[in-house]
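Laboratory data are not the source of any read-out in this text; all were calculated from the coordinates shown. The structure presented is a predicted model; accordingly, all values stated were derived computationally and were not measured. Positions of Cβ are backbone-derived with ideal geometry, glycine not excepted, and every protein chain shown enters the neighbour counts.
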Amino acid sequence: MICDVCHKNEAVIFQPHSGRSLCKDCFFNDVKERVRKEAEKQGILNSRKVLLAVSGGKDSLVLVDAISSFISASRIVAFNIVEGIGGYNRAEQAEKLRKYMETLGVQLVSTSFKSEVGYTLDEMVRSSEVKGMNVSPCTFCGGFRRKLINNAGILYGTDLVATGHNLDDEVQTIMINLIRGDLSRLIRLGDVPIKVSGKFVTRVKPLRKIYEWETTMYAYLKGYSFQEVECPHIVNKPTLRAKVRDLIYSLEEERPGSLLKILEQFDEISQKIRSNASFTELPRCEICGDPTSYGRRICKNCELLIRSGLFSREYQKYLPMS
Ligand SMILES: [Zn+2]
Ligand SMILES: [Zn+2]
C-alpha cells in the first residue's frame, strides 16, 4: 500500500483516528507537527529554556526528539530521576539515555530520590508498609518526581518544565478527576498552562495529543532501544486508573478518534470554565516551602514522609486530622 500523504513511499502505519496509511517519514512528520502545534499553545516555541523530564521510556525519547526538531538543543535541558526501584533503574539504561542525548546535542542532568529526598522509593514504600499505611508506591513516586522536576526547573532557570504524558495518560487523568469530582485539578488540565504558584515552574505536556500506540511505533521505527521493563510497582497501580484505561481503550477500539475528541472537547470546556474562575496563589508547605493545596499547612510529600516515620517526631504536630 502507498502512503496517503506523499503518494510515493510504501505505507507502514495505519492511523485509525485519521483513516490514513502513512510511510515512516510522513508518520514522523505527522507526530512532530502535532507536537509542535501543542508546544506552540504551551509557550515552548517562545520560551528561553525548557526542561524535559526524561525517564528513558519511549514517551520521553519521542518528547526530546520532537522538541529538539523545532527548538535549538541549547534551549533544552533533559532531566532524569533515578527513583531507586530494585531491578528497574539500571545503570546501562542511564548510559543509553546519555548517549542518545549526546547525539541530539542536548544537555542531560541526573539526580535521584536518594540524594534529594534522602530515601530511595523502595525505602519509602517499605517504611510506609511497616507503619501500616495503605498508600500506593505511585503516590510516593508521582509526588516526589513532581517536586524534583520543579526544583530542577528553578535550578536550571527554565521557564517551563515538560513531561512526556501522552493522550492516553491525559484522558485517563481527566476521567479520574471527573469521577472523583476534583474540579480544582480538572481545570488545571486544559491545553494552555496556568500558573497557580510563583514557586511552580509552569508544567506542560507537549505529547498530550499523541496516542500511546503512536509513541511506541515512533520509538520502534526510529530504532530506539528504550526501557521496556515495566515498573515492578505497576501491579499496585490504583485500580481506578486501570479500570478507566480499559474503558477508554474499548471506546477507542469501537470508535477510533474518541480519545482525541474527548481531549479537544475538554480543552474547549476548560477554557470556558477558566474564564470565570479566579486563581489565587497556593499556600506554602510549612516544612519544605513547596506550594500545597488550598486549606493545607503542609504538602502531601511531607505528610507521606511523616506518616512513614521518615521525618523526626517533632513534625507529627503538622499532620492534618484524619
Ligand atoms: Zn509518505
Ligand atoms: Zn512539604
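Tell me the angle of helix 91-104 to the major Cα principal axis of the chain, expressed in degrees between 0 and 90 and rounded to the nearest ten.
Roughly 50 degrees, rounded to the nearest 10.
Determine the distance separating the Cα centre of the range 265-322 from the Cα centre of the range 173-215; give it in Å without decimals.
Here the two parts' Cα centres lie 16 Å apart.
If you take the charge dipole of the chain about its Cα centre, with +1 on Lys and Arg Cβ and -1 on Asp and Glu Cβ, which of 137, 312, 85 is farthest toward its positive end?
312
Quick check for me: using +1 on Lys/Arg Cβ and -1 on Asp/Glu Cβ, what's the dipole size of the range 131-235 about its Cα centre, in debye to the nearest 20?
With only Lys, Arg, Asp and Glu charged at Cβ, the dipole is about 580 debye.
Compute the angle between helix 121-130 and the longest alpha-carbon principal axis of the chain, please, reported from 0 to 90 degrees and rounded to the nearest 10.
50 degrees
Work from the charge dipole of the chain (Cβ charges, +1 for Lys and Arg, -1 for Asp and Glu, about the Cα centre) and give the residue of 6, 293, 128 farthest towards its positive end.
Most positive-ward Cα: 293.
Checking the a/c ratio against 1.5 first, then a/b against b/c, what shape does the Cα gyration tensor give for the range 147-281?
oblate
For the pair residue 250 and residue 45, what calculated FRET efficiency results from E = 1/(1 + (r/R0)^6), where r is the Cβ-Cβ distance and R0 = 35 Å, to the nearest 0.05?
0.45
Mean separation of Cα pairs under 8 Å and 6+ residues apart, divided by the residue count of the range 13-277: what relative contact order is that in percent?
After rounding, I find 25 percent.
Quick one: among 64, 229, 31, which has the greatest mean-square fluctuation in a GNM of the chain with alpha-carbon springs under 10 angstrom?
Evaluated over the chain, the most mobile residue of the options is 229.
By a straight-distance test (C-alpha under 28 Å), which lysines pair with residue 24 as possible cross-link partners, with residues fewer than eight away in the same chain excluded?
8, 32, 37, 41, 58, 96, 99, 205, 209, 222, 261
In terms of the Cα gyration tensor, with a ≥ b ≥ c the square roots of its eigenvalues, is the range 13-277 rounded because a/c is under 1.5, prolate because a/b exceeds b/c, or oblate?
Cα axes put the range 13-277 in the rounded bin.
What Kirkwood Rh does the range 282-322 have if only Cα atoms enter the pairwise 1/r average? Answer in Å.
Answer for the range 282-322: a Kirkwood hydrodynamic radius of 10.1 Å.
Pick out which of 131, 300, 199 has the largest mean-square fluctuation in a Gaussian network model of the chain, springs linking Cα atoms closer than 10 Å.
131
Would you mind calculating the gained length between residue 103 and residue 133 on full extension (0.36 nm times residue separation, minus the Cα-Cα distance), in nm to one decimal?
That pair, residue 103 and residue 133, stretches by 6.4 nm at full extension.
Counting DSSP beta bridges with both partners in the range 13-277, what percentage is antiparallel, nearest 5?
15 percent
When you count, for each residue, the other Cβ atoms within 10 Å and take the mean per peptide, how do 1-10, 104-113, 136-145 rank with the highest first?
The most tightly packed comes first, giving 136-145, 104-113, 1-10.
Describe numerically, in nm with one decimal, the distance between label points set 7 Å from Cα along Cα→Cβ at residue 312 and at residue 95.
It is 4.2 nm.
Would you please put 263-276, 165-178 in order of how densely packed they are, using the mean number of other Cβ atoms within 10 angstrom per residue and starting with the highest?
Those peptides, ordered most packed to least, come out 165-178, 263-276.
If each DSSP helix of 4+ residues adds -39,500 (n - 2.57) and the sum is divided by the residues in the chain, what number results at 222 nm, nearest 500 deg cm²/dmol?
-15000 deg cm²/dmol
Dipole size in debye (nearest 20) for the chain around its Cα centre, Lys and Arg Cβ +1, Asp and Glu Cβ -1?
Dipole magnitude for the chain comes out near 980 debye.
For the range 81-134, what does the relative contact order come out to in percent, with C-alpha contacts under 8 Å and a separation of six or more?
Relative contact order comes out at 44 percent.
Output the 0 to 90 degree angle, nearest 10, between the alpha-carbon long axis of helix 258-276 and the longest principal axis computed from the alpha carbons of the chain.
Once rounded, the angle reads 50 degrees.
Quick check: pseudo-label points 7 Å beyond the Cα along Cα→Cβ at residue 242 and residue 293, how many nm apart are they?
2.4 nm
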